[in-house]
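Down below is the structure, laid out as structure tokens.
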Amino acid sequence: MALAIPVLEPPKTLAILGSKDRFPVRRAFCIGRNYAAHAREMGFDPDREPPFFFMKTVEAIEPVEAGVTRELPYPTMTKDYHHEAELVVAIGKGGTDIAEAEAMGHVFGYAAGLDMTRRDLQGEAKKMGRPWEVGKSSDASGPVGPITPHRADFPLKGQLRLTVDGAVRQQATLAAMIWSIPEQIAILSRYFELKPGDLIFTGTPEGVSAVERGQTMRVEIEGTEPISVKVV
Ligand code: MN
């Protein structure tokens, strides 16, 4: 007997602050080495190598609700699971070859997120010249909080902070991004047609490190709803 034809789940959706509606997630683009101090801590020279793009599958995106600690299973096949706190930009209007000056008109809103990384597997992939998915796109490796809708005075140079069990591990200003948000949108839209529902993980600052089962991470980014995630 043949198996039944698969029935797909509806798209994952993120809460929208101040609304009962939810934001459906289409794709998740990520920026690598978008903060100079993080590029250096990973052993790279940000003056010689610009940031770049990679992706997580939508399966890895884990919606986190306001005011609730979300349990996140420690993934298989790693002994070095790292946090990367990141501002996530949600795209509300698509386009190709978007001009930098027009880019903010494509932003639906902003959320606090984590680009959780199996660093040992990513390190192996780098060494072997292999793709990054096994390091970057494990199940539940992309927790994202509620979206704050775009407004002209959103603090694009605000503070980002990640704590583990209350101790600060990452702290930076978004102003330290190498590619600003309009630049990210403009550059990305030359490679892909951006579509409504796309997310951009805008990169992590310095201070990435491993978490263990039982630890709780909290990501606070000025202007967005904080998220709390416990590794179990
Ligand atoms: Mn990252």
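Are there trypsin sites (Lys or Arg not before Pro) in the range 18-55 that DSSP marks as loop and that have at most 13 other Cβ atoms within 10 Å, and which are they?
Listed in order of number, the matching sites are Lys20, Arg48.
How do the peptides 7-16, 174-183 rank, highest first, by the average count of neighbouring beta carbon atoms within 10 Å per residue? Before the final figure, lay out each step's value.
On the way: 7-16: 13.2, 174-183: 18.0.
Ranked by mean Cβ neighbours within 10 Å, highest first: 174-183, 7-16.
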Label Ala210 and Lys127 with points 7 Å out from Cα along Cα→Cβ: what is the distance between them in nm? 1.5 nm
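For the range 49-110, report the convex hull volume of the alpha-carbon atoms normalised per residue, in Å³, without decimals.
168 Å³
Provide the packing ranking of 104-111, 54-61, i.e. peptides ordered by the mean count of other C-beta atoms within 10 Å per residue, highest first.
Peptide ranking by packing, descending: 104-111, 54-61.
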Quick one: of Lys127/Lys195; Lys12/Lys157; Lys56/Lys126; Lys126/Lys230, which pairs are farther than 23 Å apart, Cα to Cα? Lys127/Lys195; Lys12/Lys157; Lys126/Lys230
The chain: relative contact order as a whole-number percent, Cα under 8 Å and 6+ apart: 31 percent
At a 10 angstrom cut-off on C-beta neighbours, averaged per residue, how do the peptides 198-204, 151-157 rank from highest to lowest? 198-204, 151-157
How would you classify the chain from its alpha-carbon gyration tensor, with a ≥ b ≥ c the square roots of the eigenvalues: rounded for a/c under 1.5, else prolate if a/b is greater than b/c, otherwise oblate? rounded
Computed over the range 5-48: relative contact order in percent, which uses C-alpha pairs under 8 Å that are six or more apart: 22 percent
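Here, each number is a calculation from the coordinates, and none is a lab measurement. In this text the structure is predicted, and so the values were computed from the model without any measurement. When we count neighbours, we look across all protein chains shown, and the Cβ atoms used for this are built from the backbone with ideal geometry, even at glycine.
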